[in-house]
1. Considering Thr55, Thr29, Thr59, which residue is surrounded by 14 or more Cβ atoms within 10 Å (Cβ to Cβ) and touching a helix residue (DSSP H, G or I) at 6+ places or on another chain (Cβ under 6 Å)?
2. Just name the residue that is modelled with the lowest pLDDT out of those in the stretch 95-117 that are within 14 Å of the chain's Cα centre (by Cα) and either surrounded by fewer than 14 Cβ atoms within 10 Å (Cβ to Cβ) or assigned to a helix (DSSP H, G or I) (or both).
3. Going by what's in this entry, would Ala69 be described as surrounded by 15 or more Cβ atoms within 10 Å (Cβ to Cβ) and either under 30 Å from Asp18 (Cα atoms) or modelled with pLDDT under 95 (or both)?
4. Looking at the stretch 85-118 only, could you name the residues that are in contact (Cβ under 8 Å) with a residue 24 or more places away in the chain and touching a Lys or Arg at 6+ places or on another chain (Cβ under 7 Å)?
5. Take Ser134 and decide whether it is assigned to a helix (DSSP H, G or I), surrounded by fewer than 21 Cβ atoms within 10 Å (Cβ to Cβ), modelled with pLDDT under 95 and within 15 Å of the chain's Cα centre (by Cα).
Amino acid sequence: MRSDATSVGEYLKSLPKDRRSAIEEVRQTILDNLPDGYREAMNWGMISYEVPLETYPDTYNDQPLMYAALASQKNHMAVYLTSVYTAERADEFKAAYMATGKKLDMGKSCVRFKRIGDLPLDLIGEEIRSTSMSDFIGLMARDA
């Protein structure tokens, strides 16, 4: 469900109460662990944590590099973790996730969940905290 909200507050207000509560809790985990320099914004119809264009303007689509994102979709909620996009990082993340005892429902970098209890917030915080903005830019520039 792509949102037309232009602010995070507007996006949150548009969600049903149960989803709003879950998204707010994951959002707070992200904000508490977000390395310096990334900016929270509404982009691509979801809450996005991105590298500002003023910092890295040389993107293929003239949009900020997305580090992470958070969204309420039709049948689930999702946290997008671009930092786990490489095979090595994805394997490490998947192993750490499975070690929590929670069931993993994951795409390439999208971790889907139906309830907040399905998501190991400590692990999400660790992953968000894991990559400085300069390291992330270096990874994205290398893979471009």
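The values are calculated or read from the model by the stated rules, or taken from the named source; none is laboratory data. Computed from a predicted structure; not experimentally measured. Note that we place each Cβ from the backbone using ideal geometry, even for glycine, and neighbour counts take in every protein chain shown.
1. Checking each option against the conditions leaves just Thr29.
2. If we take residues in the stretch 95-117 being within 14 Å of the chain's Cα centre (by Cα) and either surrounded by fewer than 14 Cβ atoms within 10 Å (Cβ to Cβ) or assigned to a helix (DSSP H, G or I) (or both), then Lys108 is modelled with the lowest pLDDT.
3. yes
4. Result: Tyr85, Asp105.
5. For Ser134, the condition - assigned to a helix (DSSP H, G or I), surrounded by fewer than 21 Cβ atoms within 10 Å (Cβ to Cβ), modelled with pLDDT under 95 and within 15 Å of the chain's Cα centre (by Cα) - is not met.
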